[in-house]
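Heads up, the thing below is written out as structure tokens.
Taken together, the values in this text are just the output of simple stated rules run on the coordinates, not laboratory data. Treat the numbers as computed from the prediction; the structure is a model and nothing was measured. Glycine gets a Cβ as well: all are built from the backbone with ideal geometry, and neighbour counts include every protein chain shown.
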Amino acid sequence: MIDAVTQVTSRRRRVRDRAVTLAINVGGGGVIALIVLMLAYLLYVVSPFAANAELGKVLTIPSGPDRLLARGDGRLWILPRAPDHAVNQEQWHLPVSSGRRAVQLRGEQVHLFALFPRLAGLDAELPGTTAAQWLSVVDTPGIEPQTLAMDSADDRVILTYADRSGVLHALSIRLTSTAVSSLVHHERPGPGATAFALPNSRSNSVLIVHGDRYLRWRLGDSGSTRLLGGQLSGLDEPVVTVAWGPAHDTLLVADSLGLLHRFDAVRGNLPRMGPARQLDFVPRWIGSERGRRVAFAASAAGDLSVFVPGSDERLYRGSLDGLKDVAELYLSENGRFLVQAGEGQLLRWKLTNVYPETGWRSLWQRQWFAAYDAPAHIWHPDGDGVAGLSKYSLSPLLFGTFKAAIYGMLLALPIALGCAVYVGYFLAPRLRNRFKPAIEMLEAFPTVVLGFLAGLWLAPLLLKYLTLVLLLPLLLIGAPLLLAALHLALQYLSPRFMRRPPRLALVAVVYLAGIAGLSHYGDALTLWLFGGSVQDWMWEAIGLPYDQRNALLVGMAMGLAIMPTMFTLVEDAIHAVPRALSDGSLALGATRWQSLARVVLPAAAPAVLSAVLIGFARGLGETMIVLLATGNTPLMEPGIFSGLQSLSAAVAAELPEAAVGGVHYRLLFLAALVLFALTFVFNTIAELFRQRLRYTYEAY
Amino acid sequence: MKPTDVPEISGALRAGVRRAEPMVWLSAGAVTLALMLLVGLLFLLASRGFSHFWPQPLILLDNVESKAQLGILLDREPVPYAQDYRLLLHLGGEDFFDSPLVWVEEATLRARSTPQAALAIERRDQGPLFAFAEGVDYGEARLELSDWNVADQVAAIRKVRGTAGRVYLRLASGRPVTLPASDLIEVSSPNAMSGMARIRHAFSALGRFVREAPRRGNVQGGVFPAIVGTVLLVLLMTAIVAPLGVLAAVYLQEYAQRGPLTRMVRIGVNNLAGVPSIVYGVFGLGFFVYGLGGSLDQLFFSDSLPAPTLGAPGLLWAALTMALLTLPVVIVSTEEGLARVPRNLREGSLALGATRAEALFRVVLPAASQAVLTGLILAVARATGEVAPLILVGVAKYAPGLPVSSEFPFLHLDQQFMHLGFYIYDLGFQSPSIETAEGLVFATALLLVLIVLLLNLAAVMLRSRLRNAFGTQELR
């Protein structure tokens, strides 16, 4: 920067100079600020993940226990005490004045059932319509229900209840018809044990748990069938309460020590899922959401805990004051509202719990999901398997990102180093000026083209000529060594023979011949080495599966993409090492390779390191190649023949479809932020290395 | 240590190995491999790309099992676990066959020929059709063609294009097919063509590829809208990035106080060049499209909400995102150019009484103009080949209209557009019938590579001219 030294006399010129200075300072600073803005914006989008769950009391209404009807969004509807009111918008006829109720809060739809002395159901569209409709009234004389549970999905409602003698009853009701199928389960648990009946309307079945034994019933229109039963493993203490886990895919069982056990309800034999989780208290009530992996537990004293089953994540811990009977606790299906019917009053709680599944542990640690054999890192934003809950673990994506970059690096680094050494040190300056730009031209291939070639041209070829590709490294390394030996032998015979061998041309000829030979005898070689098919051999001999779009393919394309960048950086560094250094070492009797390896390369080492880091960072962020050349399977397998999905590919493939502001959307922003941070760290280290290099040369 | 024979032998061996210079040979191998890859890739793209335009011979296979089949030979490979080869034949005409691709085992073949009379017909709404001519109808009466020679058949069928007539054809299986003239785009007889006719046909196909819009879910036709979209995007991006990049570079190099902060900013800018392009896309989608576009919609286009006007991916946001992506390239290159401007030029102009602004605009920037240009060309080259951010911020699989039109406001910044790179991605990744569209993808890839290659070459040449003009000077 040079400051103006002369005094500028013309006012116009002075003003103009000041204006330009201002414009450049503001504009230039603005552009720099824009860059900071980018990071800030990504952080801003991701920041809601850090928010904790909160519970707030919304409403308290003095009421009797029989005056409750609630909507999915938590608005309360008060029912009059008078038993024979006409049905209209706000006042429904309730045929009972006391007894147990089951309420299911499903958005605009309310299902309410009341029991004793008669069973009656109400199906209401809220608000504003008079579509409330009595479903069916079933006389259940002489039964005094102790418990009542309900489950409804689509047009089916299943109710289970126990009478005073402990006999379990289940009713399956089709709302569209009046068909009712029922079941009476006469087996009673032993003295002191309670039996629990869990209805599942989606599969129209009932799961009965008493003690550590379970039994499944299927409720058909033409009678119910008894399905498999068995024992729940690992239950040492008496069972206190049981409930369906989120989306009915697991069974949650709490024992008297406050341990919560999980069983896989997708499978018929209810296998245990991992060790029990110690809750903060002995729960009397467990509930869970339908669409997210969030569970609730409440103790008799009103303690409330909200947690992610299957992970160590606890979302909320607090208490519900005034809770007398956990049977009067209702959870809305989306988990946003808890309604508590205490004596003489109704309480409605609102739970702010927007991103329960994106805690640090849920994102990076293993979790055991239903229908899986073991805890695993799963990225399935749209859900998979029977229950279809979203599974958001970023670990497989991060793993895939590094896997792709590492395989790319393994292939790119030797080639880039070899090229840089040869072009920068051994090649005559005249030839260097031609070969360097030629190799750099490889950078001109857009990655989408490389990805397309890898995924659609190379993948079928690789399937066919895998032997050739596996033998290719042997050829690529062996051929130059063979030529070196041959050259040496010929020089022994005639010392003046080929003092300067045309290395590139010779190697090219041998390479071409080798590739032609390999492809001609490829089939025979495959037959001889692997007995027909490499893929079959790998599967049978090593148990290695072969994905058609695999890491080898990505590595090849990625290697090609990052090789030119690394080549340029290393070559520049090698070329910049003062010639006097290596000349000195040559004069002292070192061979060319010795002076390169012991003098030039150490001097250029920081640049080599920085090139490696920059190349690696490029590999981490590469999108199109990974997107096109892999099957985008978020696996955690390090194998060279298995597929992968990277953070960048997930973002490119899934962000256009993700709902703006939703969990998936923000998670993909988090993925972008992780990529940003990773590459920024790598590039900064690389930059620091390069600056050190600059200081090194200042000595000369 | 006792002297033995072993060290001598190993010493001789070591000396021999040293003289043979195996590592030099190995590094020569790496260079050879890199060059072979470059040539191989170019050759692959060129041969596959051009063969898309080259008339492919039509092969008539007479099979033992089924009736005769006429088509283009795509592949020949050994049948797994059998001493036989099989042929992959592209039959065309998805509307007449269960699958346009069939495998035929050579052992089952009775006869194989390349009949002169076989015609390749390109249709508007369906895939190609390979058949024999039966007759033609110009709107009055059917004219029998079966006895004519092929050249006259082709000429007669070509004449029917644009009329209300129809063409009568016969498939290899003997099934008659009637084709309305409006469905007919081009007819040729690849087996009967002379060398010159083939070349002419290839060039006309190339011309249509560049001029025409895609048809049939992008698997047929040309890439004109994609070319227009790519060019327009790059032009807009350049218009945005050029002033911003130069401004930032001038600020950093000429105006900002030197110190640790400037150094940090410079490292930051250098690093941004290494931030993955998809991250820019994510930022563009969140900040530009939903943030900026969404707010602008609420301010100015609230009538049409909730349908977004600017709050949806479009050309403007794509250009802005790409400008942000290429900003570091332009800044770094311009800074390099500014640093190379000899100090005495600057000092001379200041000594003669110029203000800093005058010195900047009259002396320094003109001297650095080639560096700015190099930076811009490199930016354009990077942006042309970049697809990942575009997937998020504005590119479309198929855009019904071009983003430029004769209707006000002529340049439709809010519209989605087509792009060469995305076209490749879409066809390669999501097309159901990739085998039949492969030629088209290769041709598009070749076009894209050539454009980027030319831009890179231009940048390299400009840069070397620049170095010769001012010599090398380190960045301060």
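State log₁₀ I(q)/I(0) for the protein assembly as shown at q = 0.06 Å⁻¹ as given by the Debye formula over alpha-carbon point scatterers of equal weight, solvent excluded. With no solvent term, the Cα-only Debye profile gives -0.71. Residue exposure proxy: A:Trp537, A:Trp379, ordered by other Cβ atoms within 10 angstrom of their Cβ from fewest to most, comes out as A:Trp537, A:Trp379. Net charge dipole, the range B:53-211: roughly 560 debye, given to the nearest 20, about the Cα centre with Cβ charges of +1 for Lys and Arg and -1 for Asp and Glu. In this structure, the amide hydrogen of A:Arg284, modeled 1.01 Å from its nitrogen in the peptide plane, lies closer than 5 angstrom to those of A:Ala298, A:Ser299, A:Ala300, counting only residues at least 5 positions away or on a different chain.
Computed from Cα atoms, the angle from the helix B:224-250 axis to the main principal axis of chain B rounds to 0 degrees. Residue exposure proxy: B:Ile267, A:Ile158, A:Ile574, ordered by other Cβ atoms within 10 angstrom of their Cβ from fewest to most, comes out as B:Ile267, A:Ile574, A:Ile158. Given +1 at the Cβ of Lys and Arg, -1 at the Cβ of Asp and Glu and no other charges, the dipole of the protein assembly as shown around its Cα centre is 4400 debye to the nearest 20. What distance in nm separates the simple spin-label points at B:Trp103 and B:Tyr81, each placed 7 Å from Cα in the Cβ direction? That separation, rounded to one decimal, is 1.2 nm.
Across the options B:Leu26, A:Ala53, B:Ala312, the greatest Cα extent toward the positive end of the charge dipole of the protein assembly as shown (unit charges at beta carbon of Lys, Arg, Asp, Glu) belongs to B:Leu26. The order of B:Val372, A:Val681, going from fewest to most other C-beta atoms within 10 Å of their C-beta, is A:Val681, B:Val372. The ellipsoid that matches the Cα gyration tensor of the range A:395-697 has semi-axes, each √(5λ) in whole angstrom, of 37, 29, 14, with the longest given first.
Restriction of the trypsin sites (Lys or Arg not before Pro) in the range A:431-525 to DSSP coil positions whose beta-carbon has at most 14 other beta-carbons within 10 angstrom yields A:Arg496, A:Arg499.
With distances taken between every two different alpha-carbon atoms, the range B:280-342 has a Kirkwood hydrodynamic radius of 13.2 Å. Separation of the alpha carbons by more than 31 angstrom is noted, of B:Lys159/B:Lys397; A:Lys403/A:Lys436; A:Lys436/A:Lys464; A:Lys391/B:Lys397, for B:Lys159/B:Lys397; A:Lys436/A:Lys464.
For the range B:79-196, the equivalent ellipsoid built from the Cα gyration tensor has semi-axes of 30, 16, 12 Å, listed from largest to smallest. Packing, as the average of other Cβ atoms within 10 Å across residues, places the peptides B:93-101, A:194-202, B:456-464 in the order A:194-202, B:456-464, B:93-101, highest first.
Please report, to one decimal in angstroms, the Kirkwood hydrodynamic radius of the range B:294-436 built from all distinct Cα-Cα pairs. Here the Kirkwood hydrodynamic radius works out to 18.6 Å. Computed over the range B:362-463, the Cα gyration tensor eigenvalues convert (square root of 5λ each) into semi-axes of 31, 21, 11 Å, ordered from largest to smallest. Distance between the pseudo-spin-label points of A:Leu431 and A:Ala541 (7 Å out from Cα toward the beta carbon): 4.0 nm.
Using the alpha-carbon centroid of each, what span in Å lies between the range A:636-669 and the range B:332-389? So the separation of the two Cα centres works out to 40 Å. Working note: 222 nm ellipticity from helices only, DSSP H runs with n ≥ 4, each -39,500 (n - 2.57), summed and divided by the residues of the protein assembly as shown, gives -14000 deg cm²/dmol to the nearest 500. Note on B:Phe410/A:Leu37: beta-carbon distance plugged into 1/(1 + (r/R0)^6) with R0 of 30 Å gives a FRET efficiency of 0.45.
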